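The values are calculated or read from the model by the stated rules, or taken from the named source; none is laboratory data. These numbers come from a predicted model, not from an experiment. With ideal geometry, Cβ positions are generated from the backbone for all residues, glycine too; neighbour counts draw on all protein chains shown.
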């Protein structure tokens, strides 16, 4: 593994900026400190990052790309805010970050945007993916060509992506199962509402939910067949209407993606608001209102802002300083929100 300037900085007891100035003769550095840095670098066999040096010298042409799918959903809009915040912070370092937003999960469109960004000079990409097999192959090809990819919100674990940033969706599904079990001590019928079947995050949330209920021997909870709403509130509304008509004793709904607004509207129109337990994901403006009026029992938050904010910084550190992520899976917290803690937290700004 290549030695990084960060490792030299830690051994020398100085900042990475001091190491950079000493090794590349930029700015003033105490001669004794500079000598110590050069000695450590020589002992470790440090080789300077030629690409990074060129980027620092020119402060031009350093381009990153970010691609978000299901971009019109409230949660992905928060992710986009994180991307834009990172773009603003990196702009002063000569980084141009271009954000592409795709309304739905669209594998051909995603591949098209990847190719266009790379052809236009993007040196690294942050992607909210789906689980299309051709996407994993494309990420592997980019890795071979020296273009790192960070996945966010959902993952492509079988690929050579640099790392994933997002919630541990399987454990989040287990958490939802625990909350549903506690909310329905007498058991009852529960309807799982999914989003996209080709979204790894949605599938993991469903699997975690089902597995946890089975492991907990929740025989008194009857799981109805799950149905996908493709992140569309109008589909979720119609699906929930039909489920309620066929199951008047429905006790709970688990929403593994978007669709909670449509589901809660159908419940309200059926005169059952507050009596059917609804567990969904993400703390966003619509969900805060649903929590406050009692339509939504719990929202499991995943720190959406951080999922957009951190990938550009990780790509920047990797390309400029060869700093690899501390681990391939960088999980955000699983936060349980109720009507009593439904305020949006201040976005974190800590560098990865």
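Some points to look at:
- Of the helices (runs of 4 or more DSSP H) lying entirely inside region 58-153, not one is found with 1 or more residues being assigned by TED's automatic domain parsing to the domain that holds residue 230 and either at positive phi or over 20 Å from the mean Cα position of the chain (by Cα) (or both).
- Beta carbons closer than 7 Å, at least 6 apart along the sequence or on distinct chains, pair a first residue in region 1-20 that is closer than 14 Å to residue 42 by Cα with a second that is in a loop (DSSP other than H, G, I, E, B) for 2/47; 2/322; 3/45; 3/46; 4/322; 4/323; 8/46; 9/15.
- One residue alone among 282, 293 is out of contact with any strand residue (DSSP E or B) (no Cβ under 9 Å at 6 or more places or on another chain) and either over 30 Å from residue 327 (Cβ atoms) or touching a residue at least 12 places away in the same chain (Cβ under 8 Å) (or both), and that residue is 293.
- Restricting region 157-193 to residues that are in the same structural domain as residue 111 (by TED's automatic domain parsing) and at pLDDT below 95, the residue that is farthest from residue 239 (Cα to Cα) is 158.
- Residue identified as under 24 Å from residue 332 (Cβ atoms), modelled with pLDDT under 95, surrounded by 21 or more Cβ atoms within 10 Å (Cβ to Cβ) and touching a strand residue (DSSP E or B) at 6+ places or on another chain (Cβ under 9 Å) among 258, 199: 258
- Sole exception among (1) assigned to a loop (DSSP other than H, G, I, E, B); (2) exposed (fewer than 14 other Cβ atoms within 10 Å of the Cβ) for residue 214, by number: (1)
- Of all the residues in region 265-280, those that are touching a helix residue (DSSP H, G or I) at 6+ places or on another chain (Cβ under 7 Å) and closer than 20 Å to residue 182 by Cα number 6.
- Exclusive hit being under 30 Å from residue 163 (Cα atoms) and in the same structural domain as residue 185 (by TED's automatic domain parsing), set 237, 321, 281, 309: 281
- When the criteria are applied in full, residue 47 fails the requirement of being in a helix (DSSP H, G or I) and either surrounded by fewer than 16 Cβ atoms within 10 Å (Cβ to Cβ) or modelled with pLDDT of 95 or more (or both).
- Positions within region 261-273 being closer than 19 Å to residue 70 by Cβ and out of contact with any strand residue (DSSP E or B) (no Cβ under 8 Å at 6 or more places or on another chain), in sequence order: 261, 262
- Residue match in region 119-126 (condition: in contact with a helix residue (DSSP H, G or I) (Cβ under 6 Å, 6 or more places away or on another chain) and closer than 16 Å to residue 68 by Cβ): yes
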